[in-house]
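A.B. asks: Just passing along the structure, written as structure tokens.
Since every read-out is calculated from the coordinates, none of them should be taken as a lab result. Since the structure is predicted, the reported quantities are computational estimates derived from the model, not experimental observations. Note that each Cβ is placed from the backbone with ideal geometry, even for glycine, and that neighbours are counted across all protein chains shown.
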Amino acid sequence: MLARNPELYSHKRLLEAAEARGHSLRIVNTLHCYMNITSGHPEVLYDGEVLSGFDAIIPRIGASITFYGLAVLRQFEMMGVYVLNSSLAINMSRDKLRSLQLMARDGLGLPVTAFAHDAKVTEQVLEAVGGAPVVIKLLEGTQGIGVVLGETHKSAMSIIEAFRGANVNILVQEFIEEAGASDIRAFVIGDQVVAAMKRTGAKGDFRSNVHRGGSTENIELTEAEVDTALRAAKSMGLNVSGVDLMRSKRGPVVVEANSSPGLEGIETTTGVDIAGKIIEYIEKHAGIGNTSKGEVR
């Protein structure tokens with residue numbers, strides 16, 4: 001497992017689940033890896049040791065080290081090792097703009113979204129998403145950081161112009177008022193949604209992030225929500241993902257597909273052994289000749 005912090009709940013649970021099923025799982029600090037990029041003989045090294053003999057790699061690459069983490073993961077792919085989520089899939093899901101474009105291409109329900117470079121077209125951008133209130137998101141933001149609500153036309157204009165004046169790339173999206181500061185995390189493994197929970201933001205916060213004081217509850221998804229979650233994961237090419245949905249008047253809309261979803265909140269809320277299901281999925285799909293090399297770009 002490529003992970004920087006072995007003490008995180010998700011990483012400890014994956015280790016426990018692997019060992020419970022008779023496997024040996026080694027946690028390797030992604031940033032301590034380095035690569036020998038040689039034609040015909042690619043290697044990944046770790047404190048002078050050549051890392052080899054692995055049946056599978058579980059990438060748990062934090063957003064702050066995406067560039068280097070994906071370089072390490074690609075090197076394992078070049079070596080023919082099975083990876084749970086490919087470097088290409090993770091890269092697509094981490095790029096907010098690209099992921100929305102791909103999901104729009106595939107016909108998925110999405111919040112109406114606008115993107116522009118020139119601050120002079122701010123009025124047109126707001127008009128394109130239906131006017132205030134609007135949600136303004138930094139392209140590089142994660143876990144609710146860099147997400148701002150422009151409640152009025154004037155405040156939205158000011159926020160957008162300030163971000164663009166600082167040369168910061170942003171998305172502007174419609175505010176799904178009927179969602180009531182709630183969203184749904186659907187946990188997808190392969191072609192199944194194995195668990196789902198509803199997340200509700202803390203009082204006075206329109207964001208539903210649990211680590212920011214929100215609450216969770218177990219939830220049954222509709223057929224449309226299950227279908228949307230599966231299609232979103234497939235659109236990104238992710239074998240394992242946490243797909244975030246919102247319930248809108250026109251049906252479920254996708255907020256994002258997370259390539260390294262946390263396990264603590266959803267396992268605690270639903271009681272589902274998700275770590276065990278991930279290891280079981282790897283058992284079924286990792287093997288000789290079954291790699292992600294064909295996806296490397």
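A.B. asks: Under a Cβ-only charge scheme (Lys and Arg +1, Asp and Glu -1), can you give me the dipole magnitude of the range 9-91 about the Cα centre, in debye to the nearest 20? Intermediate values should be presented prior to the final figure.
C.D. replies: Values: 6 positive and 7 negative charges, 58 e Å.
The dipole magnitude comes to about 280 debye.
A.B. asks: Using the Cα centre of the chain as origin and beta-carbon charges of +1 (Lys, Arg) and -1 (Asp, Glu), tell me which of Val81, Val134, Gly190 is placed farthest towards the positive end of the dipole.
C.D. replies: Of the candidates, Val134 comes out farthest on the positive side.
A.B. asks: If you don't mind, another one. Just the number: Rg to Rh for the range 135-200, Cα atoms, Kirkwood Rh, two decimals.
C.D. replies: Numbers: Rg = 15.2 Å, Rh = 13.9 Å.
Checking Rg against Rh, the ratio lands at 1.09.
A.B. asks: Measuring from label point to label point, each 7 Å out along Cα→Cβ, what is the Lys284 to His23 span in nm?
C.D. replies: In this crude label model, Lys284 to His23 measures out at 1.3 nm.
A.B. asks: Run the dipole for the chain about the Cα centre, Lys and Arg Cβ at +1, Asp and Glu Cβ at -1, nothing else charged, and hand back the magnitude in debye, nearest 20. Mind showing how you got there, number by number?
C.D. replies: Values: 30 positive and 35 negative charges, 72 e Å.
Roughly 340 debye for the chain.
A.B. asks: Give the cross-link partners of Lys120 among the lysines, using a straight C-alpha distance below 17 Å as the criterion and excluding same-chain residues fewer than 8 apart.
C.D. replies: Lys154
A.B. asks: Same structure again: Given the options Val168, Val255, Val125, which has the most mean-square fluctuation in a GNM of the chain, springs set between C-alpha atoms less than 10 angstrom apart?
C.D. replies: Ranking Val168, Val255, Val125 by mean-square fluctuation puts Val168 first.
A.B. asks: When the Kirkwood radius is taken over all Cα pairs of the chain, what Stokes-Einstein diffusion coefficient follows at 25 °C and 0.890 mPa s, in µm²/s?
C.D. replies: On the way: Rh = 20.3 Å.
My calculation gives 121 µm²/s for D.
A.B. asks: A follow-up question, please. Across all directions of projection, what mean area in square nanometres is found for the Cα convex hull of the range 9-91? Don't skip to the end; give the middle numbers.
C.D. replies: Working: hull surface 23.2 nm².
Computing the convex hull of the Cα atoms and averaging its projections yields 5.8 nm².
A.B. asks: Any idea which of Ala18, Ile65, Val121 is furthest toward the positive side of the dipole for the chain, if Lys and Arg beta-carbons carry +1 and Asp and Glu beta-carbons -1?
C.D. replies: Towards the positive end, the residue furthest out is Val121.
A.B. asks: Let me ask another. Using DSSP, restrict attention to beta bridges with both residues in the range 9-91 and report what percent are antiparallel, rounded to the nearest 5. List each step's numbers first, then the result.
C.D. replies: Details: 6 of 8 bridges.
Percentage antiparallel, nearest 5: 75.
A.B. asks: Pairs to check: Lys96/Lys249; Lys198/Lys249; Lys198/Lys284; Lys198/Lys234. Give those whose C-alpha atoms are more than 28 Å from each other in this structure.
C.D. replies: Working: Lys96/Lys249 23 Å; Lys198/Lys249 17 Å; Lys198/Lys284 30 Å; Lys198/Lys234 22 Å.
In this structure, Lys198/Lys284 exceed 28 Å between Cα atoms.
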